Structure formats: structure tokens, C-alpha cells
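The values are calculated or read from the model by the stated rules, or taken from the named source; none is laboratory data. Keep in mind that what you see is a predicted model, and the values were worked out from it rather than measured. Backbone-built Cβ (ideal geometry, glycine too); neighbour counts: all protein chains shown.
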Amino acid sequence: MTANGWFQIFLFFALVLVCAKPLGVYMARVFEREKTYADVVFRPVERVIYRLTGIDETHEMRWTEYAVTMLLFSAVTMVMTYAVERLQQFLPLNPQHFSGVTPDLAFNTAASFTSNTNWQSYVPETTMSYLTQMLTLAYHNFFSAAVGIALAIALIRGISRRESKTLGNFWVDTTRASLWVLLPMSIVVALLLVSQGVVQNFRPYDHARLVQAQTVTATSADGKSSTQTITTQNIAQGPVASQEAIKMLGTNGGGFFEANSAHPFENPTPFSNLIEMFLIFAIPGALTVTLGRMTRAPKHGWAVFAAMTVLFFAGVLVAYHAEAQGNPLLHGVNQQASALQSGGNMEGKEVRFGIANSALFATVTTDASCGAVNGVLDSFMPLGGLVPLVNMMLGEVIFGGVGAGLYGMLIFVILAVFIAGLMVGRTPEYLGKKIESFDVKMAMLFVLIFPLSILGFSAVALMMPSAGLSALGNSGPHGLTEIIYAYTSTTANNGSAFAGLSANTHWYNMSLGLAMLIGRFFMIVPMLAIAGNLARKKLVPPSAGTFPVTTPLFTVLLVGVVVIVGALTFFPAVTLGPILEHLLLQAGKSF
Amino acid sequence: MANTRKRSLWDGKIFRRAFLDAFVKLNPRTMMKNPVMFVVEIGSFITTVYVFRNFAAHHHSLRFDIQITLWLWFTVLFANFAEAMAEGRGKAQADALRRAKSDTVAVRVLPNGSTEEVSSALLRSGDVVLVVAGNMIPGDGEIIEGVASVDESAITGESAPVIREAGGDRSAVTGGTRVLSDQIKVRITSNPGETFLDRMIALVEGAERQKTPNEIALNILLAGLTIIFLLAVVTLQPIALYSSAPQSIFVLISLLVCLIPTTIGGLLSAIGIAGMDRLVQHNVLAMSGRAVEAAGDVNTLLLDKTGTITLGNRQASEFIPAPGITKEQLADAAQISSLPDETPEGRSIVVLAKEMYGLRGRELSEMQAEFVPFSAVTRMSGVNLDGRIIRKGSTDAIAAFLKENGSSLPEEVRAVVETVARSGGTPLVVAENRRALGVIHLKDIVKGGMKERFAQLRAMGIRTIMITGDNPLTAAAIAREAGVDDFLAEAKPKDKMDLIRREQAEGKLVAMTGDGTNDAPALAQADVGVAMNTGTQAAKEAGNMVDLDSNPTKLIEIVEIGKQLLMTRGALTTFSIANDVAKYFAILPAMFVATFPVLAVLNIMHLKTPESAILSAVIFNALIIVGLIPLALRGVGYKALSAESLLRRNLIIYGLGGIVAPFIGIKLIDMILTAVHLA
């Protein structure tokens, strides 16, 4: 670890911290329908949208209507995405003449983008046409993010409203999230990324002659080896910058290219890397401020922010430390950091980012359910790979996905308040709302679905040698990590891949697709039920006897509950995966 | 009764009964009400079956298997024992109450005036009975004729008899109490099986105990955690199989039982029962557990001034003479006029004069004085003695008295009267013949220690409001002296009701005490309404608690008991969950170290063998339930602190302590097991 590395990590976080308040306050104003500078531009557009679609913007929805509307909206757009994928060969903007996507992959991809996961079982530049990428995938990048923000706002309203039956209007929240927040930021950032060299065009792929011909020897299944000399290279093109901005800002993470943010056309410079990492945390960080403002408890917002910060730095510390150590099995190789080299474990990392920015990116992208990568997680040291896995296992609440991170964290807040709240000698209350059996029931359902999907699917996959285990690229604990990582990443709606698992099979496409839908929608419904139930309650005025949710002590408690509830469930799986691999590696064994 | 109530935690009789009950409670239908312990029972059952199977097959790990199975059964039994202990204390009390409930012969008065003897069990609501000295009152009722002294020790534990009379707020009598003198006619107000005594027996016995809202919510959390850990353990086997390290059913069930929150699951109902029991020990009967929980949540306490905040009576605190009169003259006249006055105020004047000026009480009979008692018409009292006509009374009354004698009240005296009234006191003007001598300052005396208690309550976020019939000026002064947060002056029953409604509309929970029939609506409206046992039947029915000692200050203790109950629940839940960290570090390495020796580094406690590690964790898990029974029954240490300080204190003790304690405990058990060669 170097001072320069830490400087860059702190620089990144300072940027997040500084922007949290203005952006958070702005979002609060947008969703409370107060005046903002952007109204001049977007208010007329919004009116036109409502007039065309016949939406009554003054209509208030109960939680059930909010949930059903959201589910229908997601279902319809998911079916549309599936259709476009299947029919892309008949549709325009397909210069590479890709054929229709297979049914299971099309399902998996539709589920993936609808659920804000962006798990990619395919190689985008050889599978998806420009139209598919722009019309359906980029569309979901915007709207799955907007839905996430809307849901978080609905939960915040549930907490702050008193004796109210309704949570707002799903259509209005989603529209305002897109118009006021996602769209303007995406446009600015796309231009910024273009300035760094990210491409933005509709050209067919370039053919380039290699400066140096490459000879490749391949061994086929029957044992024959063939040698091939390669002299040209296809260089994929496309409208990348516009998609890149929303990919990060909406914590989507689905790359335009297979290599994702490691690809020079997606993430060409250390500065673009900083922008992309900042975009991941920008909205989730700011939403805590929105929470504080809308509940009239700004300090509570910051206490939640602080809990996320503690967990974030714990992850960075472990990942950066693990990667900077280098690989103990590489004897006689200089892995020291110096002016000429990054040192540490550089396998699978981009030289332009180095150890610190790769470890930081991996932590950030899995803290928030983004899933974009700028290096290969499979090549991380076992403990470096443990961090992304654990980040996701904690439920994607360390800043988390746009909206999803906040509402996930707030469920933990409710549990923390319930478990420890009794210790102040009052029945548990959260910001003046009593936490009662219905809330606990729904919160436990929310918490239960998560390990059920991850451990359930993993166990089934592990018990099926043909469908489950044959897709593994590695054996032993590393193979176990690959499977568990896949189900964790999809259930947590992260979408990052550990690689090493050939997931484009019938079983994995279907089961991972289901995991994504379960991880998103099965968890949203109980969350909204809590929001609806909290909104109905009376507000108990705060006093010296009220459970404190604004203090450092509360931050410590919240971190403890997130870690204990998360870690206790997955501790056995993690022990037999990355931890065992780490110990075996120290003993000189690799997989 | 009074002495039986303070019973020790480990009373031999209760202990023996609880021991047997622990086995009776193994009945799956009983166990099903407690999902956490039910899972443990199922686990124990499965391992028992496997022990017999392995026994037949001469399995090599039989010794370990049998030990695990025994300890799993112990875990269930210990939890049952905890509950039985808590219930046992109530049951012992119920037995004592039942003895008071013996069948008696009642004298029923028929509508035509004649009487007949019937068994008390046949009395119905509406019947009128005659109870003479020496007889037991056959049922709850209202005195409609007569006055009597009644021995209520069967209910209150208090041996001094109390006066009960028809009309007013002291007309209620309770079945099972005894009339000591005189005779009364009582209209029975309850049917057999529904009397106060019956309800009391059911309450202390826990027969009608229903889970409180917070207990239900906590049970859902515990059941949820149990399902999550069940999931973690069930899916562990495929992972273990993949890793070529399959686990035995004994190990998997051990892990499950250690992870699910058995500590709080086993003690939860004991905590609830013990909370009710603690109230009973304070001579308070809560009609529902819900009320006890609400007591912990109370935001506002409504306290009656007289008897709660101040001593029942005003006392003389100062003599302020009129111009030209010495203090001694005033004190002397005041004392003489008060000598025959048997009211507490009168006596306090005599005492003050004696203390301050050494004036000895004189016998009026020797002085041939004529006493003029207080009357509602003259509103003064005094003596006529050798031509001296001494009067004391309210300002208006004395002014009228002086005017009658052709004199008037000096302006200076009026000014003094104003000052005294403004400071919260009651001025009493003394006049002799045609002259006003001065003013006696009668003061409300705030009970000792009240100010500190209110400060504590304030620290806990509870606001106290004093209710008084005094004028606002006086009320404000007393409120300031007592340190209450607010007051309601010139309060009529309706004002009290409005105040409660107003507080509740703001989302606050309100507690109050009351005894009169006109308190009943407010008692019913309050979230915690404590009726005095001396009060009317209407008041007792409207409230959700009854204080057998009829001590209104006890409301504060009730709030503390409610808080302590909730804190105990929270503390043990936190402790139970925090325990899991250490158990993982004991069991996980033990499960896989045979296949992967590198995992030995996770065995941070350096437990001797995999078997001893797992066994130690299971034994710790069982023993901690027994170890915490006293805490569950007594409640966690309670201090009046702000929520922030309480949370910090309890998080360190039960959160951090919950993480650390099992590391030490498991290590110790492992050392013992190794020493005695059990593993």
C-alpha cells in the first residue's frame, strides 16, 4: 500500500462526501415538489408526458397500488426487452448482423436489466445489436434506476408521513427521477467521458492489422492441437459514452463491451476511472441526505451515511491490503511497489489503474450494486476477492444500488432499532414510529429472501454435477466461490461476475435470472408493505427517552447489526470458499 | 400475605415444582408456542433416534453422539425450567389467595326486607347482602347502607383495618375481606368466578397470560432468525459435500441449535411472567401485560398534587405580624385559637408556635375558653377567652369579621396576604377583637425526594404534570418547588380528560392514578390508568391496574418496572445474537479441520479436539440459559438515564459482553471436558 494509493482513495471519497449534500437536498426538493432551477426545462416536458399518458399527477397511491404499478411496469418492459432481443435480426441498427438471442439468454438478460442487476451471460459486442443495447438495455439502465429511487422515496415518505394512507405516485416519482436527476447528470457526464476518449458512434466495427502477428495454439476436445496465426483484429465500436454514464450513475454496471470498465473505450484514463467510481456512489450517498431532509432529521441521514462509510473503508482496507501484498506463490518476482511499477498482484488488472484504483473500484462497484469492473475479480487474491463477495452478502447496503441501497439499509435500521431499541426501556420506535409485529414480519421476510435465494440456488447447483459443476473453470474452494459469487451477485442485483464460471448455459441462465427477479421484486414488496404500514402510524414526539438514531453510537450499532446479521448467515460458505482458499494459498496450494 | 410476597428467588418449593413442570412442558403441543425451543426439541428427538441407530451399529462416535443428545435435551429442559420458575412464583401466590376465597355463608336481603342464608357461591350481581362484624364479605360490591371497618389484609397484605362507608369514594368492598366492626348492607356487583379475587388469582398464576404486542413482534424476529439459520445449516451440507467434508447429523444439529437464538427464546416468556410478578410484589395488579409494556412507553405522567406530590395537608410555616404587633403576640394568639382545632393545619400552627417561640400548649379547659369551630358559613374558627375574641380564617372572612366590629383590615396585611398567595401558600389571617394581628403562612409541603425523582423522569424523557384544584398562582409556585414540568390548575374532571386527549393526539402515552368515580372516564382514557384499591368500583374497572396499597406515588415505580421489563428483553436478545460469533469460531473449524488442517487457525480459542469444541459450544449454549434465569426473573439493573446513556451502557454489557463471554465460557468448558476425559 502506498501513500499515493491512499491519497487517491481519499480523493475519491472526498468527492462523494462533498457532493452528497447538494445533490441530496436537490433530490429532496424534486420529490417534495418544491421549486428547483431545473423546473424551467423539465416542468413543461413533465406536463406533456402526463398529458400524453393520461397520468393524474395529483393522484396519491397506497402501498399496494404503488407496488402493483411498479410490478406491472417492470413486467411489461421486461417482456418488451425479451421481444427486442429475440427479434433483433429483423430490426434496424444491427450493422454486424447479429442473429436473435436464444430464449434462455434473452430471459436472463431481460431479467438482469429490468432488475437493475446487469449480469451479462453473453459477450455484448458479439451478441447484441446497437438497437438492442440502446433501446432496451440503456432504457432499463435509466428506468430500473429511476424505479429504485422512486421506491426509496416511497419508503422515506412512509417514515416521515403521519397517519397517511398513501406513499406518493409511482409514475410521478419515476418520471421526476429520470428527468430531474438521471438525464441531466448523464448528459454532462457522457460529454465529460467523450473528452477522455470514450467512443460515441454507430459505425460498424473497425478492422485493424496487428503490428505483430500472433500465433495461437488451441487444443480441441479430442486432443488434437491446431496452430493459427492471427494478423487482424476487430475493434468494436458503438454509442458507448451515452451508455457508460448511466451505467455507472444508475449503478447498473452492464458493460457495452465484455471487458466492461477495463476496456479502453469505456474507461480510458485514471480521470475517467475516478468519474466512473464517483458516479456509482453519487446518488446512493446523496440519498442519505435526502432521507435526513425529508424526515426532518438531517443527523439521522448522516448517521446512516457514516455507517456506510465505515463499512466501505473496511472493505477498501482489506482489498487494497490483499492486492498490494502480491502473490506468495510467485517466487523470484519483484512485487514491490516502486516508481516504475505498481507492485502487488497485477494479474488481471489494468496497468493504467494499478493496485489502489483496481481494489477501490472492486470495492465500490460491489458496495453499491453496480457490478461494473475495471479488472478481473477472478484473478484477485483470495481475500481481495472476499471483499466484493462479502460486500454483496451484506445485502448491497454499503451505499448500495440507487434507491435499493437506501431501502435495504433502512430495513437494517428497523431491525437494529427493534433488537437494541428495547434496551432503552421503551418499545422500539424509529423516528417516532413504533416498530410493531407487522413491520418486523416484513423486515424478516426481506432479510430471509436474500440468503434463501443465494444459499438455496448455490446448494442446488452444487448438487448437480452436470448442470451445476461442469460450468466451473476451477476446482476446490475457488470453484465454490465462483458458484456462490454468481448467485450472490444476481440476488443482490449487483451483476459483477467473478469469471471462471461459464454461465451461458440453460441452468445458469434460468436460475440466475430467477435469482435476479427474486432478489429485486420479492424484496421490494415487503419493503413497500413496511412503508405503507409506517405511513399509517402516529408520530411519537421525540424526548430524552427516545431511542437515538442520530448519534455515533447508533452508527456503531447499525454497522454491528449489518455485519452480524449478514456475516452469520454466510460465514460457513465464506469459510469454505475464499477464506479456505486464502489459507491454502499461504500454505502453497492454488486452484 | 405481605411477608409471603417477598419470596427468595430460589424458594425450595417453587424449585421442586418447576423441576417437574420442566418435563411436563416437553409436550410438543406446549412447545409449539415457542418456535425456537420447538426446533431444539425436534433436533433433540432426531439425534435421539440416531443415537439408537448408531448404538445398534456400534458406531465409533457413540460417546460424543450421546453427550450431544443429552445436552440438547438439557437445553430444552432448562428453557422449560426457566418458564416454570417464573410461573411458580405466581402459583404460590395464587394458592395463598385461594385460601381467602373459601366458601362462606352469606345473608341475602330479599326485596321484601326479610333475610335468608345462602352460599356465597350462589350470589349474583345485584343481590343485596347484610354483613355483620366478624363475617367475611361474600363478594365484590358497593356498600349501600352503613359504615364499617374492614380487614383487607387478604388482598393488600396490610393488617391495619380500613373504613368503608356508603356513598362517596370509599364505598367499594372486596370479596374475601372481613368486617371487623359495625354492619353494612352491600350490593353485590360481580358474579361468581368473576370477582376481583378470581381475576387476581388468574393474573398471578399466569393462566390467562396472553403474549403482549412487543413479545409477539420479538417472537417473529426470533422465528425469522431461526429460519435463516436453519437455511444456513441445511445448505451447508451440499457445500460440505462439494468440499469432500460431509458432516454428521449430530454436528449439523449442534451447529443449528447453537446459532438459533435459544438464550432469549428460552427465557422470553419467563421475562414476561417475572415482569408481572414484580408488579405484584409491589402490590400492583396489572389487568394485562399490555399495560405493563405501555407503562415503559409512557411519555406523560399525570400526578395529583395532594397526597402524591405534597403531603396530604398544608402546614404553618411562618407568622407574619401586622404593623405594631410583635411576632410573639401573633404566635401566641394563633396558638391559642388553634389549641382545640384538631385539623392537621390547626395542629401544625400549635407546633410551629412552640418550635419558634417556645410557647407551650396550654389546656383550654383550664382557661375556661369557648371554642368556635370552623363553619362553612363564617369560614373562620377561633376561641372566646376572658373577653378576648380570637378568630382566624380566610382574608374575606376576617375582613367581614373586623367590619362587623367597626374596624377594617389594614392595607399592609392585605399586601402580606397577596405575597403569601403568590408564593403558593395559603394565607390565614388572625384577628383579636377589633385588631388584625397578622397572617399565618400555610404551606403545601412537597414530599421529600420528589424533586430528584422528577429530574430522573425528565432524564428518561418523561414529563410530569401536576393536577390540582388550586388557583394557577398557587399551583405554579408548588409546581416550581416540586420540579414538575407542567401543571393543570383549578382542574375539573373534564379538564383532566381533555388534557389526556390532547397529549394522546400528539402521539404521547399518558399514565395517571385515580380513585373517585369521577376519575373513571380519565382512567379509562389514559394508556396506563392506576386505580387505588380504596377507590370506587367504577374507578377500579376503568383503570388497567389496581394499586392495592393505594399509594399514588407508586405510578413512578410502575413506569420503572415497565421499562425494566423491556430492557431485560432487549438485553437478552442482543446477548443471544452476539453469542453466535464465538460459537461459529468454536464449531466451524471443528467441522472442517479434519479435511482442511489449515482451518486450524480459525480455532482461535485453541479448543482441544473437534469433538470437545462442538460439545463445549452446545454445553455453553445450554448452561447460559440456566445462568441467566436469575437475570430474567429479577430484570436487568435499572438506572434512570437518558436513552443514549442507557443504550451505551447496555450495548457494552450485553452486546460487547455477548460477543466476549462465550469465548471465555466455551474455552473453560473445553478445559473441564478435557480434564475429566469426556471428550
Exercise. Condition test on A:LEU558, is it under 16 Å from A:MET423 (Cβ atoms), at pLDDT 90 or above and more than 8 Å from chain B (Cβ to nearest Cβ)?
Worked result: yes
For this session: Output yes when any residue across the range B:413-433 is among the hydroxyl-bearing types (Ser, Thr, Tyr) and over 30 Å from B:ASP386 (Cα atoms), and no when none is.
Result: yes
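Residues checked against (1) buried (at least 19 other Cβ atoms within 10 Å of the Cβ); (2) assigned to a loop (DSSP other than H, G, I, E, B):
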| residue | (1), (2) |
| --- | --- |
| B:ALA96 | no, no |
| B:ALA106 | yes, no |
| B:GLY126 | no, yes |
| B:VAL129 | yes, no |
| B:ILE144 | no, no |
Exercise. Is it the case that B:LYS639 is basic (Lys, Arg), within 14 Å of another protein chain (Cβ to nearest Cβ) and not in a helix (DSSP H, G or I)?
Worked result: yes
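Can you name every residue in the range A:561-586 that is of a type in the set (Gly, Ala, Ser), more than 7 Å from chain B (Cβ to nearest Cβ) and within 25 Å of A:ILE419 (Cβ to Cβ)?
A:GLY566, A:ALA567
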Exercise. How many of the residues making up the range B:228-250 are away from chain A (no Cβ under 11 Å) and closer than 21 Å to A:LEU462 by Cα?
Worked result: 3
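Yes or no, residue by residue, for (1) farther than 19 Å from B:ILE664 by Cβ; (2) surrounded by 24 or more Cβ atoms within 10 Å (Cβ to Cβ); (3) more than 8 Å from every other protein chain (Cβ to nearest Cβ):
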| position | (1), (2), (3) |
| --- | --- |
| B:THR553 | yes, no, yes |
| B:ILE556 | yes, no, yes |
| B:LEU566 | yes, yes, no |
| B:LEU572 | no, yes, yes |
| B:ASN579 | no, yes, yes |
| B:TYR584 | no, no, no |
Exercise. Any idea which residue in the range A:544-555 is nearest to the other protein chains (Cβ to nearest Cβ), counting only those that are of a type outside the set (S, T, N, Q) and part of a helix (DSSP H, G or I)?
Worked result: A:LEU553
Seminar exercise, completed: Of the residues in the range B:286-323, those that are within 14 Å of another protein chain (Cβ to nearest Cβ) and not hydroxyl-bearing (Ser, Thr, Tyr) come to B:GLY289, B:ARG290, B:ALA291, B:VAL292, B:GLU293, B:ALA294, B:ALA295, B:GLY296, B:ASP297, B:VAL298, B:ASN299, B:LEU301
Exercise. Of the residues in the range A:257-304, how many are outside any helix (DSSP H, G or I) and either touching a residue at least 60 places away in the same chain (Cβ under 8 Å) or within 24 Å of A:PHE10 (Cβ to Cβ) (or both)?
Worked result: 11
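Here is a yes/no grid of residues against (1) surrounded by fewer than 24 Cβ atoms within 10 Å (Cβ to Cβ); (2) modelled with pLDDT of 90 or more:
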residue	(1), (2)
A:LEU445	yes, yes
A:ILE449	yes, yes
A:LEU452	yes, yes
A:PHE457	no, yes
A:VAL460	yes, yes
A:ALA467	yes, no
A:LEU480	no, yes
A:THR490	no, yes
A:GLY495	no, no
Exercise. How do the strands (runs of 3 or more DSSP E) wholly within the range B:425-504 filter down when requiring 2 or more residues that are within 14 Å of chain A (Cβ to nearest Cβ) and farther than 30 Å from B:ALA353 by Cα: which remain?
Worked result: B:463-467
Seminar exercise, completed: In the range A:405-445, anything of a type in the set (Phe, Trp, Tyr) and within 10 Å of chain B (Cβ to nearest Cβ) is listed as A:PHE418, A:PHE438
Exercise. Can you spot a residue in the range B:598-620 that is closer than 25 Å to A:LEU422 by Cβ and away from every other protein chain (no Cβ under 14 Å)?
Worked result: yes
Exercise. Looking at this structure, is A:LEU534 touching a strand residue (DSSP E or B) at 6+ places or on another chain (Cβ under 6 Å), of a type outside the set (Val, Ile, Thr), modelled with pLDDT of 95 or more and part of a helix (DSSP H, G or I)?
Worked result: yes
Exercise. Only one of B:THR300, B:THR306, B:THR235, B:THR263 is modelled with pLDDT of 90 or more and touching a strand residue (DSSP E or B) at 6+ places or on another chain (Cβ under 7 Å); which?
Worked result: B:THR300
Problem set entry | Test for A:VAL540: is it out of contact with any helix residue (DSSP H, G or I) (no Cβ under 6 Å at 6 or more places or on another chain), over 30 Å from A:GLY168 (Cβ atoms), touching a residue at least 40 places away in the same chain (Cβ under 8 Å) and not charged (D, E, K, R) | no
Problem set entry | Lone unmet requirement of (1) part of a helix (DSSP H, G or I); (2) crowded, with 24+ Cβ neighbours inside 10 Å; (3) of a type in the set (Ser, Thr, Tyr) for A:THR117 | (1)
Exercise. Within the range A:226-240, can one find any residue that is surrounded by 24 or more Cβ atoms within 10 Å (Cβ to Cβ), out of contact with any helix residue (DSSP H, G or I) (no Cβ under 7 Å at 6 or more places or on another chain) and either part of a helix (DSSP H, G or I) or of a type in the set (A, V, I, L, M) (or both)?
Worked result: yes
Seminar exercise, completed: Scanning the range A:323-377 residue by residue, the ones that are in contact (Cβ under 8 Å) with a residue 40 or more places away in the chain and on the phi < 0 side of the Ramachandran plot total 31
Exercise. Considering A:ASN509, A:ASN504, which residue is outside any helix (DSSP H, G or I), away from every other protein chain (no Cβ under 14 Å) and not acidic (Asp, Glu)?
Worked result: A:ASN504
